[in-house]
1. Kindly provide the set of residues from the stretch 30-66 that are within 17 Å of Ile13 (Cα to Cα) and in contact with a Leu (Cβ under 8 Å, 6 or more places away or on another chain), ordered by number.
2. Checking the structure you have, find out if any residue of the stretch 390-401 is closer than 21 Å to Thr219 by Cα, part of a loop (DSSP other than H, G, I, E, B) and of a type in the set (Phe, Trp, Tyr).
3. Which residue pairs have Cβ atoms under 8 Å apart, sit 6 or more places apart or on different chains, and have a first residue in the stretch 14-43 that is surrounded by 19 or more Cβ atoms within 10 Å (Cβ to Cβ) and a second that is basic (Lys, Arg) and part of a helix (DSSP H, G or I)?
4. So which pairs qualify, if the first residue must be in the stretch 502-514 and over 18 Å from Arg478 (Cβ atoms), the second must be of a type in the set (Ser, Thr, Tyr), the Cβ gap must be under 6 Å, and the two must be at least 6 apart or on different chains?
5. Of all residues being in a helix (DSSP H, G or I) and not hydrophobic (A, V, I, L, M, F, W, C) in the stretch 488-508, which is surrounded by the most Cβ atoms within 10 Å (Cβ to Cβ)? Just the residue, please.
6. For the stretch 282-304, which residues satisfy the criterion of being closer than 16 Å to Lys339 by Cα and at pLDDT below 80?
7. Any residue that is modelled with pLDDT of 70 or more, assigned by TED's automatic domain parsing to the domain that holds Thr430, surrounded by 15 or more Cβ atoms within 10 Å (Cβ to Cβ) and touching a Ser or Thr at 6+ places or on another chain (Cβ under 9 Å) - is there at least one of those in the stretch 377-387?
Amino acid sequence: MDLDPRYRFENYIVGGANRLAVSAARAVGQSPGTSYNPLFIYSSSGLGKTHLMLAIGHLARSLNPQMTVEYVTLEEFIEELNHAIGDSAMELFKQRFHMVDMLLLDDVQFLAGRKETQSEMLRLFNTLQRAGKQVVLTSDRPPSEIGDLDERLITRLTGGLVVDVGSPDYETRVAILRSKCEERGVVFEAGVLDEVARINFTNVRELQGALNRLIACQTLEEAPVTARSVRELLGEKPDTPLLVPSQARGQEFASFLSDLSEVVSQHIDSWRVRVVEAMTYWHQLGYVTLLLERTLEATEEPDVDTLLSRFEASIRRLRELEAEASKIDTQLAASELFKDPERVGEAELVLARLVGGAEPPPGPDPAFTRSELEVGASNQLAVHAVDTIIDEPGKKYNPLFVYGPRGVGKTHLLNALGNELIAQSGGAFTVAVVNASQFIDELIAALQEEQIEKWRARYRVVDALILDDVDKCAGKERSQEELFHIFNSLFYNGRQIVFASEHAPKAIEGLEERLRSRFEGGLVVEIQAPDHALREKLYARYLADVGERLDRPLIDFLASRSVASVAEMRGIVDRLMKAADVVGVPLNASFARKELEGGATAPAPSKQSNGRDADPFFLDEEKILWDWPDVTGRAIEEFR
């Protein structure tokens, strides 16, 4: 997997809780394989383990562009291993990982209980370490606390340096907030960031999520956020205990790197190497070199620089195609087709057919549009966030988490967003809009039919994933595990992610902490019951939709009544329309007041179909179910 360019040492804030880990990571990046091998980094979710790991890879590549750095999550490693075993392709699997110069392996806590994977991992570590190759691992716990782990593997994991990343202290939180504001060109009043940093967030993702909310509020309301309003805007109680800034700490690890040697200068000049050296290099990486072998048979010396440049360009293209194929079908990605520089055209054709034939995920309901989405104080912040995403998907608010009670318009908002993303891209965007219940049902069916890879591919290739009622995943271990990996895949590739729920992430019982921290790492916004202004707009729209005259007193009366949801408002309009139709009077404020507040409607007597006057009592819709004349002309009534 390519290294995410956003995660580098330059934008990693160093504090007392992570200083040792950062110092060790820099040492490894500057001199891979010579010190702290392996380097094992552990911490709770959301504290920057993956950021630090990817920063190591970027630093190593910047110092030595020829270095092969491979980043992979343990889940992806297991998937590739299983496919290699099933396809009798273990040699290709070993070639891929044994030839890397630096292996970055994320989330190794999932090794627990996987005996076969542990055995292969042990062999891989032995091979890489004997060759002086660097290994970096991350986990949410130290090696000794990973359950059911081979003692030999524990010995390997702890044989280098094991460091932890703690929760950031007050000063570090302030530094992180300032850095993020500088990145986004946002300015707050003095004291705002200090006040945010005093709130006891458990990890950096929550801290960034709080900052996102303040930025959104300041942008939407066009008024500066103040230090006094911070806690109210973030939903924190005024009496929330403040964290006292840490006192001056003891000796820092400023001299930690002083005894480390500098990385050696590059040994290979790719423009001057001989053909036979290139053959050996690429063959070791698993690529077919027949084109170069035929060059050696020529009677005249060819243009070696041009030859090797074109050969390398073909391999770069094959790697791009292989990466795209792996998102859809990891089994196909392991094919030798992506290892032959003379078959680039064939590989492109196969990938095009694969992408075109992949079963797309469910998309948005076209009935929900942005133009029909009425805006008021109760949903203004959520709609603002959606409009920002429409303009720049995957940038500012990613993920977006919208919560609120049923019937307040969350589903309309999600589907409208999906439709706008597709429209703005000219139909090029693949947008998945799915309810968590359907998401879980699909997963269960895929497991039963042994089509889990195909199911995963449906969601990993989308440009935007919009998941409604995500709280239904709580308490379902496998569903949360799959969602966790899909989230990571989409997020690290800059794809937009949106969730909706009845409850805020911190209030969802049974939600794993690793998911909770990711949900809170973007922007969390609430949609409340419709306010008065929004009720006016919605009632006017609903009445217009059913062809009713827009009577101002009627709308004023309806809007004055508090309701819990948009759905309840629709129900009120339907009820009034039905009652007015039964009684045969126009719908107005007076009739609505009597109907909704329990007063007798007492309409004027009306004519039955038999021509006789009917008693108003028997026209009460709560009493009559049927009313028609029989063959003798008598009115027949059935009561509820």
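The values are calculated or read from the model by the stated rules, or taken from the named source; none is laboratory data. Please read all numbers here as calculations on a predicted model, not as lab measurements. Positions of Cβ are generated from backbone atoms using ideal geometry, with glycine treated the same way; all protein chains shown enter the neighbour counts.
1. Ile41, Met53, Leu54, Ile56, His58
2. Yes, the stretch 390-401 contains at least one residue that is closer than 21 Å to Thr219 by Cα, part of a loop (DSSP other than H, G, I, E, B) and of a type in the set (Phe, Trp, Tyr).
3. So the pair list comes out as Pro38/Arg156; Ile41/Lys49; Tyr42/Lys49; Ser43/Lys49.
4. His503/Tyr403; Ala504/Tyr403
5. Pro505
6. If the condition is that a residue be closer than 16 Å to Lys339 by Cα and at pLDDT below 80, then Gln284, Glu293 are the ones that fit.
7. Yes - at least one qualifying residue is present in the stretch 377-387.
The rows are residues; the columns are (1) touching a helix residue (DSSP H, G or I) at 6+ places or on another chain (Cβ under 7 Å); (2) part of a helix (DSSP H, G or I); (3) over 29 Å from Asp471 (Cβ atoms).
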residue	(1), (2), (3)
Arg518	yes, yes, no
Val525	yes, no, no
Ala529	no, no, no
Tyr539	yes, yes, yes
Arg549	no, no, yes
Ile555	yes, yes, yes
Ala564	no, no, no
Arg570	yes, yes, no
Leu576	yes, yes, yes
